Amino acid sequence: SILQKEADFLRAKDNTRVIHYEGISHDRRYPNSSDIESQMYTFAVDCEKFILEHPEKPFILCEYAHSMGNSIGALHKYIELEKKLPLYQGGFIWDFVDQALYDENGILRYGGDFKDRPSDYDFCGNGIVFSDRQITPKMQEVKYCYQYIDMDINEKMISVANNYLFTNTNKFNFSIELYCNGKLENSIIMNLALEPGEKTVISNPFRVLNEECRYNIVVRVFDMAEHEVAHEQFEYPYTEVLKHASSKVSIVEDYLNIGIIGDGFAIKFAKNRGLTSMKIEDEEMIRTVPKPNFFRASTNNDIENKYGYRYAAWLSASMFSIPKFTKIIKNETFCEVHFDYLLPNLGGGDVHVVYTVYGDGELAIDMSYMPSEDFIEMPAFGMMFGLYKNYDDITYLGRGPLENYIDRKDGAKIDVYDCLVKDNLSPYLVPQECGNRCDLRYLAITDEKDQGICFKMIDQPFEATVLPYSLQTLEAAMHQEELPKSYFTFVTILAAQMGVGGDDSWGAPILEEYCIKGEEDVEYAFEICKR
């Protein structure tokens, strides 16, 4: 064939160069026309299967991890292959930068905006860098996955492996940092001289004794220009013991409303609506009635894997659930108010929510769901709050500084972070789900006077998004400029939401381990208090 003749010609001219041809993965008649097994967008599990069955050549993904919109989920699955199978030589992310053009008004435009038909619309927006050359939140994960120094940390030891091919780690400084509740408590700088491929184990220099503090260690590696080239972290085991003041509460109930009043607070429920008011020191904390939420605005990957079609019932459940008051349990120092939320189009399986008001003014919310026999996976499980827009500053202890998701969080360090609500809206070409944070211990949303509301974990860390728009508004917009003036701060406190995926952007599902199983019971709890 011409293909084989071309390969033979190239080898005859220069036998020192490797010949790469991706086409052999589609036509196996001339395997010697390429020195490399080259494929595109093969799932990690299928890459491993192929390499084990065909060990004749090195394997490269000449395109993988399609980075369209909010993507790059489960990139670490491919990186694990590099360490497991030497024949796997890695891959090339598609691609580097979003390819959009500014129009005469300075608005980024993409396919279809120039009356061009047919069009692939925003399919040019698949970079790990935005069109204006600012980095996307995806870069945070890529940097971590691509680091050449691997570390594993526990309470006693820190193991370090040098995966560079030609660089000794004596060119770097290792900073071992101990944090207590997100604040740096101690640090040590050391130098380790490891030849390429070498490993070592050192003692963890820190011991923790204060059981009332959340401790974590971060090891960061810096080059001589003080640029961080690698990091790893470890959380010490911690069990939070919740304590509430034994102050008395007054409970007022009639046929429609329930009021719980205490020192400096008043919390009200309507039996046909749920939680309607949370006043602390005469300041109203919530603007709209909180509702269970099971959906998210579609990402690019979601759209192409028919997310909306498959999960439409969860959108209607989020928008149109009916709260049903079931009972109240009264006590001198606390009060429980129980609601069932009836979900449309799901064949039963209501959500049960217990609101517990304590004498110190804190409100605990426990939300549980037991699916019916007609279960389907849910995209998210949590509760959405509409706050006043003057609550526009976010402070949290969790993973950051950039957005992260259950399948894209390894590159996010656990620390205390602060940002504005408007800056938490990632400017993807098409507005979509964004701004999530994982493993939160607390999340405070405050105004310019540092007054506001705080959400705190109970038993397990939670996820959350804080945005100036609802999921319905994000779902409807095709460009950032179409988003209207904001009148709310929307907070969604989540037990979990599904990953963002990224194996490809034309149908690949979210990996099963990063989905919320439809057949399993789900429950979580969190507290709300004044900041």
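Some notes on this structure:
- At an R0 of 22 angstrom, the distance between the Cβ atoms of E80 and N345 translates into a FRET efficiency of 0.05.
- Charge context of F490, other residues only, Cβ under 11 angstrom, K/R +1, D/E -1: +2
- Across the options Y369, Y309, A380, the greatest Cα extent toward the positive end of the charge dipole of the stretch 288-408 (unit charges at beta carbon of Lys, Arg, Asp, Glu) belongs to Y309.
- Label-point separation, V289 to W506 (7 Å along Cα→Cβ), nm: 4.6
- Per residue, the average separation of C-alpha pairs within less than 8 Å and at least 6 apart gives the chain a relative contact order of 13 percent.
- Cα pair distances of the stretch 381-531 binned at 5 Å [whole percent]: 2, 9, 18, 22, 21, 16, 9, 3, 1, 0
- With the charge dipole of the stretch 125-247 set up from +1 on Lys and Arg Cβ and -1 on Asp and Glu Cβ about the Cα centre, the Cα lying farthest toward the positive end among the listed residues S131, S203, L242 is that of S131.
- Fully extending the segment from N105 to S1, taken as 0.36 nm per residue of separation minus the present Cα-Cα distance, adds 32.1 nm.
- Note on V18 and E332: their simple-model spin labels are 7.6 nm apart, each label 7 Å out from Cα toward Cβ.
- The stretch 25-121, relative contact order in percent, only Cα pairs under 8 angstrom and at least six apart counted: 22
- Helix-only CD estimate at 222 nm, as mean residue ellipticity for the chain, using -39500 (n - 2.57) per DSSP H run (n ≥ 4): -3500 deg cm²/dmol
Any read-out appearing in this document is the output of simple, stated calculations on the displayed coordinates, not a laboratory observation. All values reported here derive from a predicted model rather than from experimental measurement. FYI the Cβ positions are ideal-geometry reconstructions off the backbone, even for glycines, and counts take in every protein chain you see.
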